[in-house]
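Worksheet: one structure, shown below.
Computed from the coordinates by the stated procedures, all read-outs in this text should not be read as laboratory data. Note that the structure is a prediction, hence the values are computed from the model and not measured. Here the Cβ is made from the backbone with ideal geometry for all residues, glycine too, and neighbour counts use every protein chain on show.
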Amino acid sequence: ILGNQYVVNLQSEDETKTNGNLAAALESLDEKVTTVLVVDDNNNDRRLMRKLLRRYKQYRMLEAKSGVEALEVVRDRKPDLIVSDLMMPDMDGFGLLKNIKGNPETADIPVVVVSAKTLSEIEDRTLLDKSESLWVKGDFSRRDLVDHIVETLGDKPISGTQPKPMLLQKTKKAKAAVLDAAPENMHIVVMIDSKDDDVEVIQKVLEATGKFAVYPAKGGRAGLKAVHEHQPDLIIMELELADMDGFTIAEKLSNDTTLNHIPVVILTGREVSAEDMMRMPADIETIYQKASLDRGKFLSIIEEKLT
């Protein structure tokens, strides 16, 4: 009855309980859907990223045009992963990363940076520390980026190759836990290579000896990040990578006083030229080709580098 009287609730007690359970079920289902936040002030770039990821899987896609707007979304929705540009109004990507990683409630959310910005050395180190990876716009294939994102989320890559568990460690805490589990007498090796099959072969050869714990990194940025985090005894590296070539990585390692003591073995499928050798830092004297390297020779090279 309307007006100054009352409204009768026509639902029975059982119906009310059923609706309550349904709401709870819907809320639970909502929590299970993987959510990705794309932060970019360019509408076309946001739309493209949404299209690429949804073509792979029906992720719930959230969008923000600036760092300030993104922080509101992160606070309210807690996405599973963030893809962010750096150059944006109000708050840029650096400010966004600082806020996300400075908050214990959001610090474990992986952030993949996709930007065309030319970085200073300080900016590069900041991103290496705080982001999952950095991709330079126009300098990578869409397939590689989507593969990286879906692997980071714990899904199977588009290529159909079974992801390796070490490539799916989402947080620094998880990576640190894996590292802490390695026996003290083992040599820590970081292998930087975009080809899962090659990584699997080398990992099996080394770990079969019982002397090595191998930590794969798919791509140059991920490789540099892994080297900083694990401080390995040895680095094995391919030259041809999706986001940054091996020559650039070698130069960065050589110029970093905290890393340039770590021996580097270049193991590549590339046809090596005299010009390639000239581009390498002086402390990397030899480049080994995958096709011509047998198991025994490979192990002797590794052991020589560690003595």
Quick one: of Lys156/Lys195; Lys195/Lys290; Lys78/Lys98; Lys156/Lys204; Lys156/Lys218, which pairs are farther than 18 Å apart, Cα to Cα? Lys156/Lys204
Quick one: if the Förster radius is 22 Å, what FRET efficiency do Arg295 and Asp197 give, using the C-beta to C-beta distance and rounding to 0.05? 0.90
For Ala208 and Asp245 in the same chain, what is the full-extension length gain: residue separation times 0.36 nm, less their Cα-Cα distance, in nm? 10.4 nm
At Tyr288 and Leu48, where each label point lies 7 Å from the Cα along Cα→Cβ, what is the point-to-point distance in nanometres? 3.9 nm
With a cap of 10 neighbouring Cβ atoms within 10 Å, and only residues DSSP puts in a loop, list the GluC sites (Glu not before Pro) found in the range 194-285. Glu271, Glu285
